[in-house]
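Presented below is the structure to which this report refers.
The values are calculated or read from the model by the stated rules, or taken from the named source; none is laboratory data. No experiment lies behind these values; they were computed from the predicted model shown. Cβ placement follows ideal geometry from the backbone for every residue including glycine, while neighbour counts extend to all protein chains displayed. Accessible surface is based on the protein model in full, side chains and every heavy atom, while ligands, DNA and RNA are left aside. Shrake-Rupley method; radii C 1.70, N 1.55, O 1.52, S 1.80 Å.
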Amino acid sequence: MFHRVLPYKDVIDNMLKSNSDSIQLMLSTGEWQQLQHVKDFLKAFFDATVKLSCSYTPSAHELLQHLFAISKVYRDIREVENRDETLAPIVKAMTTKFLKYWDDVPLVTIIANCLDPHWKVKYTVKMMQKYKENLGLPAQNEEGRVNYALETMFNLYNSRINVARPASTRSSAGSGSHHGLLDDLRDEDDLDENASMNELKSYNLGMVEKHPVDILDYWKRHSSASPTLAMMARDIFAVPVSTVPSESCFSSTNRILTDKRSKLGPNIFEKLVCMKDWIDAENRAQHFVPGETSSCVETQGSGTATEAESDDEEYDPKDTELWYLRNNY
């Protein structure tokens, strides 16, 4: 609401000035500035909610970045608070609530951010340090914490790969081929701990990506050069940050299990839900609400709404990312 009102500040003031009965409702310059600060503060939360509630793109690596953006807004408002004490109670209450959940950032989020080629370990550590500074939290050894967590998970995943490799070498050696011994020696070299750690070091020492890239496509292309990190990325990026998409699945059942279809058995109900999701997945429209389109026009004289959507009009999947903001959700 604030972002719609602020551009018309002068219009609203002139309108209230023209009416003597409404002149007492006029806002002062300081009050307009407070609205601007509150709008900027809430926008950071809104942007994070929209981005982290997406269903078609991974979001685990973006949580820390949005928390950092929110911490910067807290820092800016704290500076304003020193000049205007009216915001102090609001800022204090919201800061306390925020730190209740995000005083300690989950390690899985930190590791996910490290696996983002735009940040890697170097800039993830810097962001963690700035995050603590913006929120007034005590400084810690963030670099040691991040490196220890990443190396621990890397060694765990690397051990899984190492356990799976000897089975293939034994089968090749038992075939009687002279190449069996050579394969064993090569695999022993691959299993060397220093050689495996070079994968992690080379990734962190490499250049960061300066242009936007599809993070899933990035690790797919680098799966041969960095198999352990690619396996980590595959598992970590599959973790959804928000529960909004899963909660929408429960809400969608109300449109299937209605009063007229209240006796559907669990097997039939499960098949209906799966079939609808598979069909919608072809158009990436799992969260598209039927009957609500952008081309909704009102029928004159009848007072009813009629949806007219052409068959040749392509559906933009980006529109579905705001599905939870619709009125009938």
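Details
- Exclusive hit being exposed (fewer than 11 other Cβ atoms within 10 Å of the Cβ), over 26 Å from residue 51 (Cβ atoms), modelled with pLDDT of 85 or more and of a type outside the set (Lys, Arg), set 194, 267: 267
- Looking only at residues of region 207-231 that are in a loop (DSSP other than H, G, I, E, B) and among the polar types (S, T, N, Q), we find that the one that is most open to solvent (accessible area, probe 1.4 Å) is 224.
- Residues being open to solvent by 10 Å² or more (accessible area, probe 1.4 Å), in a helix (DSSP H, G or I) and within 16 Å of residue 68 (Cβ to Cβ) - total across region 126-144: 5
- Residues in region 232-248 that are small (Gly, Ala, Ser) and open to solvent by 50 Å² or more (accessible area, probe 1.4 Å) were compared, and the one that is modelled with the lowest pLDDT is 246.
- Region 90-117 residues that are assigned to a helix (DSSP H, G or I) and basic (Lys, Arg), paired with ones that are modelled with pLDDT of 95 or more and surrounded by 16 or more Cβ atoms within 10 Å (Cβ to Cβ) (beta carbon under 7 Å, 6 or more apart): none
- The single condition from (1) of a type in the set (A, V, I, L, M, F, W, C); (2) in a helix (DSSP H, G or I); (3) open to solvent by 40 Å² or more (accessible area, probe 1.4 Å) that residue 64 fails is (3).
- If you filter region 48-61 down to residues that are among the small types (Gly, Ala, Ser) and part of a helix (DSSP H, G or I), you find that the one that is surrounded by the most Cβ atoms within 10 Å (Cβ to Cβ) is 60.
- Members of region 1-30 that are closer than 22 Å to residue 70 by Cα, open to solvent by 50 Å² or more (accessible area, probe 1.4 Å) and in a helix (DSSP H, G or I): 2, 3, 4
- For the residues 148, 56, the requirement of being modelled with pLDDT under 90, within 26 Å of residue 223 (Cα to Cα) and among the aromatic types (Phe, Trp, Tyr) singles out 56.
- Close pairs (8 angstrom Cβ cut-off, 6 or more residues apart or separate chains): over 20 Å from residue 248 (Cβ atoms) and touching a residue at least 40 places away in the same chain (Cβ under 8 Å) in region 43-68, of a type in the set (D, E, K, R) and crowded, with 19+ Cβ neighbours inside 10 Å anywhere: 61/116
- Condition check for residue 41: closer than 30 Å to residue 112 by Cα, exposed (fewer than 14 other Cβ atoms within 10 Å of the Cβ) and among the hydrophobic types (A, V, I, L, M, F, W, C): no
- The lone exception for residue 108 - which of (1) open to solvent by 20 Å² or more (accessible area, probe 1.4 Å); (2) touching an Asp or Glu at 6+ places or on another chain (Cβ under 7 Å) it fails: (2)
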